1. List the helices (runs of 4 or more DSSP H) inside the range 1-98, counting only whole elements, that have at least 1 residues being away from ligand 1 (no atom under 12 Å from the Cβ).
2. Please indicate, with yes or no, whether at least one residue in the range 159-173 is surrounded by 20 or more Cβ atoms within 10 Å (Cβ to Cβ), closer than 16 Å to residue 193 by Cβ and at pLDDT below 95.
3. Give the residues of the range 1-26 that are touching a helix residue (DSSP H, G or I) at 6+ places or on another chain (Cβ under 7 Å) and within 16 Å of ligand 2 (Cβ to nearest atom), sorted by residue number.
4. Could you go through the range 163-173 and let me know if any residue there is assigned to a helix (DSSP H, G or I) and free of Cβ contacts under 8 Å to residues at least 40 places away in the same chain.
5. Among residues belonging to the range 174-189 that are farther than 17 Å from residue 254 by Cα and touching a residue at least 24 places away in the same chain (Cβ under 8 Å), point out the one that is surrounded by the most Cβ atoms within 10 Å (Cβ to Cβ).
6. With respect to residue 238, determine if the residue is surrounded by 15 or more Cβ atoms within 10 Å (Cβ to Cβ) and in a loop (DSSP other than H, G, I, E, B).
7. When the range 35-70 is examined, which residues are found to be within 16 Å of residue 6 (Cβ to Cβ) and within 16 Å of ligand 3 (Cβ to nearest atom)?
8. Identify the residue in the range 201-228 that is away from ligand 3 (no atom under 16 Å from the Cβ) and in a loop (DSSP other than H, G, I, E, B) and, among all such residues, is surrounded by the most Cβ atoms within 10 Å (Cβ to Cβ).
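The values are calculated or read from the model by the stated rules, or taken from the named source; none is laboratory data. These figures come from a predicted structure and were not determined experimentally. Using ideal geometry, Cβ is built from the backbone for each residue, glycine included, and neighbour counts are taken over all protein chains shown.
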Ligand code: G3H
Ligand code: 13P
Ligand code: ZN
């Protein structure tokens, strides 16, 4: 099975009503933690790298480490995906480097420009056997003060979504229903527009739906960072119950980065605070890797429902 596109895992997710976790990678420890967790859960998994992650880790290193991950875990499907591809050139570079999936994020452009750019990437990727995720709607934090009309303009319009998928031929679609990136997603109560998700699913039932900005911002991990010298006040994410509902109501891919960052930072801070004499990186990177693995396993098993769906 090994390295695959997301096609079959998404087909299964839509048939059997679960979501596949897409976890951001930046280095070896994070990659190992994710694939080890997925293998223990016998779950499909998507590893995704942003263009800044590629710049940091370098594409050759990422692809060689991926080769090792796939070799160690031949029984689970693993996809390698470009997260938030900013332009055609970056998507092409990743296709050429062996990525099995790319995202072209044209959400910052107007509708027609987004269609044209996405179509250009789809044509190139498909001719190389690679699948494409596109985005429609604005994911920026939807603040309480923003008036209703402005809020509605940011959410994905289900009618436009149908037209967009038809015209671009994209394989999956990231939608805006109230999530946002990072550790500060909601000022007041968390709220997702499940009504919009439902309408989108009715209009494009065969298109896998993707949720970005979907970290829980796990309170225990925030507390851990803060307890050992961090300063991340008022952080708030999407509660697990809402992600569980999304995973079981038609969302096929759920993106997680912030929770992994919190786990890594929390674990490292704890070791360095409790053992100030430590200067061997393995002494703090080992617990960091363990905590990321635990975090990924919890999501797969208790929230996304992809255990034993490999
Ligand atoms: O949605 C963005 C991801 O969290 C990646 O962030 O560009 O800092 O790697 P990054
Ligand atoms: P979070 O910041 O909520 O983890 O979202 C990550 C993401 O959407 C990556 O594309
Ligand atoms: Zn994202």
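1. By residue number, 7-16, 28-41, 59-72, 88-97.
2. no
3. 19, 20, 21, 23, 24, 25, 26
4. Yes, the range 163-173 contains at least one residue that is assigned to a helix (DSSP H, G or I) and free of Cβ contacts under 8 Å to residues at least 40 places away in the same chain.
5. Per the stated criteria, the residue is 186.
6. yes
7. Residues satisfying the conditions are 46, 47, 48, 49.
8. Per the criteria, the residue is 207.
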